[in-house]
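A.B. asks: Following this message is one structure expressed as structure tokens.
Just so you know, all these numbers are worked out from the coordinates, no wet-lab data involved. All values derive from a computational prediction rather than experimental measurement. Cβ coordinates were reconstructed from backbone atoms using ideal geometry, including for glycine residues, and neighbour counts include every protein chain displayed.
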Amino acid sequence: MRRQTANDWSFTSGVSNKNPLTPEDLPVNFVSQPGSGGTNTHGSYVVSLDKDGACFRPVTSDNQGTLVIPTKVFDGVMVEVKPGTLPGSVCAKLILKHSDDTLSVVLCETDRPEDLASAWPAWSKALGLPMLVRDLGGRIKPIEAFQAEKTGAPHARRKLSMLTGRRPRFLVRRKTGNAERSIKSYKGEREIIARS
């Protein structure tokens with residue numbers, strides 16, 4: 001493993017690169033615009049993302065402030081599909097959603113929404129966050145199909161419930177055999193052989 005310093009960032013994948021981000025690449029560093037499609041007032045950030053959280057560092061050298069956000073603070077992994085710039089095209093984004101839109105992180109952006117079908121649940125599972133979707137009206141809804149939780153502990157089973165009503169318990173117990181009673185020996189008698 002090589003030494004990591006404050007300025008030693010490698011951008012092998014990300015929203016702007018040809019290699020899309022995948023949960024298997026965690027931890028990963030990439031450059032991102034703040035917000036999930038809002039106006040850019042703060043410039044670009046270098047985002048260091050891992051399973052524990054996200055670290056935002058401004059790209060500009062004049063401000064060295066760093067913001068660290070734990071994963072549990074994010075609302076979920078959201079898919080947003082909007083009409084594209086060309087007629088008949090769409091723009092789909094996979095976003096790590098925060099309640100403050102300027103802290104939301106765009107994980108993937110594509111013009112083919114079907115490309116996000118496998119990445120969306122994978123990111124949700126890797127980060128332990130719910131799957132969200134933003135409809136065309138702007139409302140954010142959770143997808144409950146992939147979030148089934150246990151309702152409670154299962155009921156305790158009764159002992160010997162399989163045998164109840166079949167045989168008494170004392171007959172179920174095994175008894176050791178007696179070797180002397182099972183072997184019969186006839187000494188001094190004439191052997192009878194059946195011949196046809």
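A.B. asks: Check which residues have an amide H placed less than 5 Å from L21's amide H, if you skip close sequence neighbours.
C.D. replies: Under 5 Å from the amide H of L21: G14.
A.B. asks: Sorted from fewest to most neighbouring beta carbons within 10 Å, what does the list Y186, Y45 look like?
C.D. replies: Y186, Y45
A.B. asks: Could I have the simple spin-label model distance between S185 and K125, label points 7 Å from Cα toward Cβ, reported in nm to one decimal?
C.D. replies: Distance between label points: 6.8 nm.
A.B. asks: Under 5 Å between amide hydrogens, which residues at least 5 positions from I143 or on another chain qualify, with H placed 1.01 Å from N in the peptide plane?
C.D. replies: Close amide H contacts, sequence-distant or interchain: M131, L132, V133.
A.B. asks: For a label point 7 Å from the Cα of V73 along Cα→C-beta, name the residues of region 101-128 whose backbone N is under 15 Å from it.
C.D. replies: What the label zone holds, given the 15 Å backbone N cut-off, is 101-105.
A.B. asks: What is the sum of charges, Lys and Arg at +1 and Asp and Glu at -1, for the other residues whose Cβ falls under 12 Å from the Cβ of S104?
C.D. replies: Local charge sum for S104: -1.
A.B. asks: On to the next question. Can you list the residues, at least 5 places off or on another chain, whose amide H is less than 5 Å from the amide H of C91, using H built in the peptide plane?
C.D. replies: When sequence neighbours closer than 5 places are left aside, the close amide H contacts are K82, G84.
A.B. asks: For K51 and C91, FRET efficiency with R0 = 45 Å and r from the beta-carbon atoms, rounded to 0.05?
C.D. replies: Plugging the Cβ-Cβ distance into 1/(1 + (r/R0)^6) gives 0.95.
A.B. asks: For T60, T110, which order do you get if you count the other beta carbons within 10 Å of each Cβ and list the fewest first?
C.D. replies: Listed from fewest to most nearby Cβ atoms, that is T60, T110.
A.B. asks: Right, here's the next one. Based on the Cβ-Cβ distance of D100 and E24, what FRET efficiency does E = 1/(1 + (r/R0)^6) give at R0 = 25 Å, to the nearest 0.05?
C.D. replies: So the FRET efficiency works out to roughly 0.35.
A.B. asks: Going by how many other Cβ atoms sit within 10 Å of their own, how do K125, K97, K72 line up, fewest first?
C.D. replies: With the fewest neighbours first, K125, K97, K72 line up as K72, K125, K97.
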